[in-house]
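First up is the structure itself, then whatever we jot down about it.
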Amino acid sequence: MTVHHDTIIVSRDLPASVATVFGVWCDAKALERWYLPGVEGWESQVLEHEFKVGGRKHLSFGPAGEPPYTEDCRYEDIVADERILYSMTVATGAGRITSSMVTIEFAAIDTGTRVAMTEQIAILDGGDTTEERRRGWGEVFDKLEAEF
């Protein structure tokens with residue numbers, strides 16, 4: 001039984017207002033379009049989304065036709081148009097692979113919005129790697145960028 005701790009930071013500058021960018025993090029249908037790693041053929045389904053402090057975000061995602069990953073989150077802090085903070089556990093059919101604290105920050109810039117994600121992650125029993133998680137967040141942010 002092992003645990004590896006790390007911090008992952010990913011950010012993007014988006015050509016949209018802070019309120020618009022914040023809004024796509026709040027909306028379950030929008031999350032299904034862009035909030036998933038992977039290349040073509042990956043799917044996401046929001047199973048529950050109660051966007052409030054103490055609320056839950058629960059979703060499944062992964063390559064079509066394969067056993068999905070699940071993400072179970074609890075919103076710890078929400079400040080409209082400024083930040084979203086949630087605890088997150090990712091699992092497969094074999095069990096939990098990571099547990100994290102994720103902070104999403106939004107800042108107005110001349111060209112729109114800078115959105116930055118910081119994940120403080122505990123990788124459990126070699127179920128993931130920092131490099132794979134960083135790549136996955138990059139793919140998520142690529143899809144977010146395509147929303148605008």
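Number of residues in the range 3-22 that are of a type outside the set (F, W, Y), closer than 13 Å to E105 by Cα and in a helix (DSSP H, G or I): the value is 3. Against the definition (among the small types (G, A, S), assigned to a loop (DSSP other than H, G, I, E, B), over 27 Å from A16 (Cβ atoms) and touching a residue at least 60 places away in the same chain (Cβ under 8 Å)), how does G126 come out, yes or no? Judged against the criteria, G126 is a match.
Is it the case that the range 55-66 has a residue that's in contact with a Pro (Cβ under 8 Å, 6 or more places away or on another chain), among the small types (G, A, S) and closer than 18 Å to V102 by Cβ?
Taking the range 55-66 first, the residues in contact with a Pro (Cβ under 8 Å, 6 or more places away or on another chain) are 60-62.
Now drop any that are not among the small types (G, A, S), which leaves 60, 62.
Adding the requirement that they be closer than 18 Å to V102 by Cβ leaves 60.
Yes, because at least one residue in the range 55-66 is in contact with a Pro (Cβ under 8 Å, 6 or more places away or on another chain), among the small types (G, A, S) and closer than 18 Å to V102 by Cβ.
The set of residues from the range 47-62 being exposed (fewer than 14 other Cβ atoms within 10 Å of the Cβ), within 15 Å of the chain's Cα centre (by Cα) and more than 18 Å from R33 (Cα to Cα) is empty.
Yes/no matrix, rows are residues, columns are (1) in contact with a strand residue (DSSP E or B) (Cβ under 6 Å, 6 or more places away or on another chain); (2) at pLDDT 95 or above:
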site: F61; (1), (2): yes, no
site: D72; (1), (2): yes, yes
site: E76; (1), (2): yes, yes
site: A80; (1), (2): no, yes
site: T98; (1), (2): yes, yes
site: E105; (1), (2): yes, yes
site: Q120; (1), (2): yes, yes
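Looking only at the range 92-111, residues that are over 18 Å from Y75 (Cα atoms) and either in contact with a Cys (Cβ under 7 Å, 6 or more places away or on another chain) or in a strand (DSSP E or B) (or both) come to 7 in all.
Mind checking whether some residue in the range 56-67 is outside any strand (DSSP E or B), under 22 Å from E145 (Cα atoms) and among the polar types (S, T, N, Q)? Within the range 56-67, none of the residues are outside any strand (DSSP E or B), under 22 Å from E145 (Cα atoms) and among the polar types (S, T, N, Q). Quick check on the range 40-50. Is at least one of its residues modelled with pLDDT of 95 or more, out of contact with any Cys (no Cβ under 6 Å at 6 or more places or on another chain), over 30 Å from T129 (Cβ atoms) and not basic (K, R)? For the range 40-50, residues modelled with pLDDT of 95 or more, out of contact with any Cys (no Cβ under 6 Å at 6 or more places or on another chain), over 30 Å from T129 (Cβ atoms) and not basic (K, R): present.
The values are calculated or read from the model by the stated rules, or taken from the named source; none is laboratory data. In this text, all values refer to a predicted model and were calculated from it rather than measured experimentally. Neighbour counts are summed over all protein chains in view; Cβ atoms, including those assigned to glycine, are modelled from backbone coordinates with ideal geometry.
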